[in-house]
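Here, each number is a calculation from the coordinates, and none is a lab measurement. In this text, all values refer to a predicted model and were calculated from it rather than measured experimentally. Ideal geometry is used to build each Cβ from the backbone, glycine not excepted, and the neighbour counts take in all protein chains shown.
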Amino acid sequence: MLSKIPFNKPFIIGNEVEYIKDAISRGQISGNGFYTKKCHAFFESYFNAKCLLTSSCTDALEMSALLLDIEPGDEVIIPSFTFVSTANAFILRGAKIIFADSQTQHPNIDHTKLEKLITHKTKAIVVVHYAGVACDMDAICDIAHRHNIFVVEDAAQAIDSFYKGKRLGTFGDLAALSFHETKNIIAGEGGLLVINNKSFEKRAEIIWEKGTNRAAFFKGEVNKYGWVDVGSSFLPSDITAAFLFAQLEHMQRIQFQRKKLWNLYFDALKEISNEVGLPYIPEYATNNAHLFYLNCKSETERDNLIRFLKERNIQAVFHYLPLHQSDYIKNLYDSKELFQAQRFSATLIRLPLYFDMLVDDIMEIVKAVKEFYYSNQ
Ligand SMILES: *Cc1c(COP(=O)(O)O)cnc(C)c1O
């Protein structure tokens with residue numbers, strides 16, 4: 001049976017279909033075409049940095065690992081409470097992942113415990129702005145700077161969000177965004193690499209284009225193109241870019257609607273904030289309404305709530321099994337305890353949130369959640 005209220009639903013908002021048709025009629029739907037260039041122009045002014053569209057955020061993270069020349073023996077610090085791609089990108093280059101714990105109030109990386117994870121082998125810190133809420137970037141960049149370590153932002157969830165008034169995605173040497181259908185701005189599958197450290201600009205283009213200097217050739221910077229470095233096919237089709245560009249034109253409307261829905265949840269659930277934890281946003285961060293989660297008191301309570309909602313045709317999900325306890329990592333590394341990451345993994349529940357959601361849908365979910373807590377007391 002189909003859920004009455006699914007967890008996520010892709011949407012179109014403007015000229016997605018028209019732009020795809022237009023891309024085809026222009027005679028080029030492979031990568032780096034008309035709409036890719038339009039997306040690049042949009043993001044380069046948005047982030048004030050060179051940007052490259054990729055087929056996914058996973059791709060942008062893999063490009064980051066290549067650009068940082070990660071090699072076997074290098075250590076990379078990554079929060080355990082994240083999606084597998086954050087770690088996989090660096091594992092693929094042979095790095096040893098040093099898993100970091102979450103904060104007590106928020107699943108984001110606990111910067112106060114970062115410094116003791118650093119060794120002479122540490123090459124990079126990868127931070128994840130969970131739920132689009134900023135990590136403490138002043139503290140993190142300061143630590144990285146003092147130890148001469150690169151910072152990569154996994155900003156997959158963090159479009160249109162800020163740290164002390166500065167846009168997320170502009171802090172790291174590199175930053176990766178996602179346009180997967182579960183994110184705020186979507187293209188089915190899609191991603192972006194933001195290159196804030198200018199020393200990576202040239203090589204990023206080469207790695208993006210299968211290790212060739214094809215991009216420089218088309219800009220007239222070299223008179224023939226060939227194989228000059230390692231690389232892969234990281235660029236998306238112009239069909240993806242056409243869809244994405246139509247969404248970018250309506251970013252404000254999308255964000256306005258998501259924040260409206262998010263605030264409805266928050267205001268209606270405040271009443272039971274003694275029973276269940278509501279999302280926490282530090283004063284240095286903004287809320288981009290990427291996801292709405294609740295933090296239950298125990299794993300049993302969380303699983304019961306998911307079941308309770310499912311019986312009412314509402315699809316809620318949990319998030320992230322901690323990576324340091326995954327089957328893959330358990331076979332490679334000695335076990336360790338990361339108490340907060342394990343706790344969030346056991347107790348966090350994500351409620352449905354998507355652009356086309358109705359106010360009535362939110363109210364129905366709120367009613368069910370309240371019913372669960374009142375009947376449980
Ligand atoms: C969604 C997500 C990714 C992966 O994005 P894709 O575009 O699907 O590759 C990586 N990291 C985090 C934190 C995510 O939320």
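Table for the structure above
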item: Folded to 0 to 90 degrees: helix 251-269 orientation relative to the chain principal axis, Cα; result: 20 degrees
item: For the chain, built as a Gaussian network whose Cα springs stay under 10 Å, the top-fluctuating residue of Asn288, Asn15, Asn184; result: Asn15
item: Calculated FRET efficiency for the pair Asn331/Leu278, C-beta based, R₀ 30 Å, to 0.05; result: 0.20
item: Contact order normalised by residue count of segment 119-226, Cα under 8 Å, 6+ apart, percent; result: 17 percent
item: In Hz, Karplus ³J(HN,Hα) per residue of segment 83-97 (6.51, -1.76, 1.60; θ = phi - 60°; x = Gly, Pro); result: 6, 4, 4, 4, 8, 3, 4, 8, 4, 4, 8, x, 5, 8, 8
item: Mean Cβ count within 10 Å, highest first, over the residues of peptides 27-38, 148-159; result: 148-159, 27-38
item: Using θ = phi - 60° and Karplus 6.51 cos²θ - 1.76 cosθ + 1.60, couplings along segment 152-157 (whole Hz; Gly, Pro as x); result: 10, 9, 7, 9, 3, 9
item: Extension gain from Ser232 to Lys37, taking 0.36 nm per residue of separation minus the Cα-Cα distance; result: 68.3 nm
item: Model label zone, Ser298; criterion: amide N under 20 Å from point 7 Å along Cα-to-beta-carbon; scope segment 332-360; result: 339-350
item: Share of pairwise Cα separations in segment 150-222, more than 19 Å, in percent; result: 46 percent
item: Furthest towards positive pole of dipole, Gln157, Leu353, His250, structure part the chain, Cβ charges; result: His250
item: Within the chain, helix-based [θ] at 222 nm, where runs of 4 or more DSSP H residues each add -39,500 (n - 2.57), nearest 500; result: -11500 deg cm²/dmol
item: Relative packing of peptides 120-133, 271-284, 209-222 - highest average C-beta neighbours within 10 Å first; result: 120-133, 209-222, 271-284
item: Enclosed volume per residue, in Å³, of the convex hull spanned by Cα atoms of segment 78-155; result: 82 Å³
item: Summed side-chain charge close to Arg146 - residues other than Arg146 whose Cβ falls under 13 Å, Lys, Arg +1, Asp, Glu -1; result: -3
item: Theoretical FRET efficiency, 1/(1+(r/R0)^6), r = Cβ-Cβ of Phe217 and Glu44, R0 25 Å, to 0.05; result: 0.75
item: Over 23 Å between alpha carbons, listed pairs Lys96/Lys198; Lys50/Lys219; Lys270/Lys367; Lys96/Lys330; Lys38/Lys219; Lys270/Lys297; result: Lys96/Lys198
item: Cα-based reach from Lys9 at 18 Å (exclusive), listing lysines while leaving out same-chain residues under 8 positions away; result: Lys183, Lys259, Lys260, Lys310
item: Net charge of Cβ neighbours under 14 Å - reference Leu92; Lys, Arg +1; Asp, Glu -1; result: -3
item: Using alpha-carbon coordinates, inclination of helix 57-67 to the longest axis of the chain, degrees; result: 50 degrees
item: Residue-by-residue Karplus 3J(HN,Hα) for segment 349-362, coefficients 6.51, -1.76, 1.60, Hz, glycine and proline x; result: 10, 9, 8, x, 7, 8, 3, 7, 5, 9, 4, 4, 4, 4
item: Peptides 164-175, 67-78 ordered by average Cβ neighbours within 10 Å, highest first; result: 164-175, 67-78
item: Net charge over other residues, Cβ less than 13 angstrom from the Cβ of Gln105 (K, R count +1; D, E count -1); result: -3
item: Cβ-placed point charges (K, R +1; D, E -1), dipole of the chain about Cα centre in debye, nearest 20; result: 320 debye
item: Relative contact order for the chain, counting Cα pairs under 8 Å that sit 6 or more residues apart, in percent; result: 23 percent
item: GNM top mover of Tyr46, Tyr163, Tyr328 - the chain, alpha-carbon springs below 10 Å; result: Tyr328
item: Percent RCO, i.e. relative contact order, over segment 251-375, from Cα pairs under 8 Å lying at least 6 residues apart; result: 35 percent
